[in-house]
């Protein structure tokens with residue numbers, strides 16, 4: 001059957017796309033096929049066609065890849081949380097490394113000969129998550145889980161092999177509990193965060209909770225050994241259900257003996273072990289020493305700054321979010337770290353035009369997915385540091401920024417590492433060290 005029709009057809013899979021779909025070329029057109037792996041022959045069910053490419057799903061695997069494994073999660077293929085559980089873990093790592101190399105070369109950047117790999121146990125790693133909640137009487141009532149792949153529906157989950165064990169334990173109890181609240185159809189999400197000292201659930205609610213609701217939440221908190229918060233509107237409305245001051249969650253960077261406190265809704269890296277190893281790697285790469293000053297851009301709540309302070313003369317962390325900077329300052333004080341300061345500054349666009357930064361010999365840049373092109377321009381023109389460490393969560397913007405840094409010959413890409421922060425997903429974390437050439 002011709003691939004241009006709406007009927008199923010057979011295709012040979014040639015590779016994987018950046019988001020984990022099989023790639024096939026049929027009658028001159030590129031197809032992205034969910035559930036298919038390189039080397040497989042599959043029966044494809046067309047989903048949607050576009051002018052330059054089409055989308056399909058592997059309806060039947062006619063010839064299996066030797067790298068195919070049985071997914072651990074029964075919701076795999078429906079749930080949007082994971083896209084690679086059907087691929088053996090060593091091959092997941094190989095795929096992510098190859099994606100980074102291919103993306104860099106697409107921007108005419110040649111990676112170093114040796115590329116480090118950073119990985120750990122690929123299960124029960126996720127210490128932050130946002131669970132969707134839907135009240136669907138036709139499907140049995142309240143559904144709690146991650147969004148379906150490419151859809152807004154919620155995949156009901158009674159267990160999840162990638163979330164922290166403290167979250168997985170409570171998952172099957174959430175639907176019945178939410179159903180007991182006065183307006184279960186007005187609870188759109190539950191945010192979860194796990195620290196070394198406890199696990200928090202943040203219940204978002206669109207209508208006011210009744211006294212009975214609050215009583216139920218307090219009882220659930222005590223029975224499950226959790227810390228429960230409610231959230232009526234924005235992040236500023238997050239309130240502990242006890243109505244009392246509760247301790248922040250925390251994690252420890254063991255190598256630097258730093259305890260990092262964070263709130264139930266703060267941004268932290270979801271994979272604690274990988275985060276610690278990246279922090280250690282960056283500190284080793286930069287090697288600031290007692291006489292050197294370090295600038296940490298997009299510093300968040302001090303994850304890198306606090307660890308680097310013990311190896312440096314002075315560290316300055318800059319972040320655009322006042323709430324995160326306030327927490328970073330608290331973390332510095334509680335760890336008795338006196339040689340680090342934190343500032344609030346927008347690190348994008350016109351706000352950088354008048355900034356005249358002091359000189360730092362070593363700089364760390366850890367931007368969001370949009371990358372750091374604006375601030376790299378400032379560093380390259382106004383500061384010219386000897387070393388720039390870059391931690392990226394998006395290979396495309398990282399490759400673009402790497403090309404900018406090395407394009408004039410002022411910097412060279414000295415070291416590169418690919419870290420698996422999100423096993424079984426297509427998310428890729430990249431660490432790089434750029435050294436000034438002159």
- request: Report, as a whole number in µm² per second, the diffusion coefficient that Stokes-Einstein gives for the range 249-288 at 4 °C and 1.567 mPa s using the Kirkwood radius over alpha carbon pairs.
  value: 118
field: Residue among 211, 296, 248 with the largest mean-square fluctuation in a Gaussian network model of the chain, springs linking Cα atoms under 10 Å
entry: 211
- prompt: With each label point set 7 Å from Cα along the Cα-Cβ vector, what nm distance links residue 165 and residue 344?
  reply: 4.0
message: When a/c reaches 1.5 or more, the comparison of a/b and b/c decides; with that in mind, is the range 209-250 rounded, prolate or oblate per its Cα gyration tensor?
response: oblate
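Find how much the distance from residue 113 to residue 152 grows on full extension, using 0.36 nm per residue of separation minus their present alpha carbon separation; answer in nm with one decimal. Write down the numbers at each step before the final one.
Working: separation 39, 0.36 × 39 = 14.04 nm, distance 4.24 nm.
Working it through step by step, the gained length comes to 9.8 nm.
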- line: So for the range 128-249, using the alpha carbon gyration tensor with a ≥ b ≥ c as root eigenvalues (a/c under 1.5 gives rounded; past that, a/b versus b/c decides prolate or oblate), I'd call it oblate
query: Could you state the number of Å between the C-alpha centres of the range 14-70 and the range 293-332?
result: 44
- prompt: Of all DSSP beta bridges in the range 316-438, what percent run antiparallel (nearest 5)?
  reply: 65
field: Residues residue 138 and residue 359, FRET efficiency given R0 of 56 Å [Cβ-Cβ distance, rounded to 0.05]
entry: 0.30
- prompt: What spacing in nm lies between the two simple spin-label points modelled at residue 284 and residue 173, each 7 Å away from Cα in the Cβ direction?
  reply: 4.1
query: What is the order of 23, 57, fewest Cβ neighbours within 10 Å to most?
result: 23, 57
field: Using a Förster distance of 56 Å, the FRET efficiency for residue 64-residue 208 (Cβ separation, nearest 0.05)
entry: 0.55
message: If I stretch the segment between residue 436 and residue 410 completely, what's the gain in nm (0.36 nm per residue apart, minus their alpha carbon distance), one decimal?
response: 8.8 nm
- prompt: Using the count of nearby Cβ atoms within 10 Å as a rough guide to exposure, how do 330, 375, 268 rank from fewest to most?
  reply: 330, 268, 375
- line: Which of 380, 138, 233 fluctuates most in a GNM of the chain (C-alpha springs under 10 Å)? That residue is 138
- prompt: In whole Å and largest first, what semi-axes does the C-alpha gyration tensor of the range 1-67 yield when each eigenvalue is scaled by 5 and square-rooted?
  reply: 17, 13, 9
message: Given points 7 Å out from each Cα along the Cα-Cβ axis, report the residue 323 to residue 74 separation in nanometres with one decimal.
response: 3.7
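Please state the relative contact order of the range 1-67 as a whole percent: Cα pairs under 8 Å, 6+ residues apart?
28
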query: Pick the calculated Rg/Rh (Cα atoms, Kirkwood Rh) for this structure from (1) 0.99; (2) 0.97; (3) 1.28?
result: (1)
field: Antiparallel content of DSSP bridges confined to the chain, in %, to 5
entry: 65
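Starting from the Cα gyration tensor of the range 200-273, take the square roots of the eigenvalues, sort them a ≥ b ≥ c, and report rounded, prolate or oblate (rounded when a/c is under 1.5, otherwise prolate if a/b is larger than b/c, else oblate).
Note, shape of the range 200-273 comes out prolate.
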- prompt: Considering only DSSP beta bridges with both partners in the range 143-274, what is the antiparallel share in %, to the nearest 5?
  reply: 75
- request: For the chain, set up a Gaussian network in which alpha carbons nearer than 10 Å are linked by springs, and say which option among 303, 64, 275 fluctuates the most.
  value: 64
task: Take the Cα of residue 247, step 7 Å along the line toward its Cβ, and report every residue of the range 150-193 whose backbone nitrogen sits under 11 Å from that point.
output: none
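In whole percent, what relative contact order does the chain give with Cα contacts below 8 Å and a gap of six or more residues?
That works out to 13 percent.
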message: Using helices alone, I'd like the mean residue ellipticity at 222 nm for the chain: each DSSP H run of four-plus residues gives -39500 (n - 2.57), total over residue count, nearest 500.
response: -6500 deg cm²/dmol
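Read the figures in this text as sums done on the coordinates, not as results from a lab. Note that the coordinates shown come from a computational prediction; the quantities given were computed from them, not determined experimentally. Glycine gets a Cβ as well: all are built from the backbone with ideal geometry, and neighbour counts include every protein chain shown.
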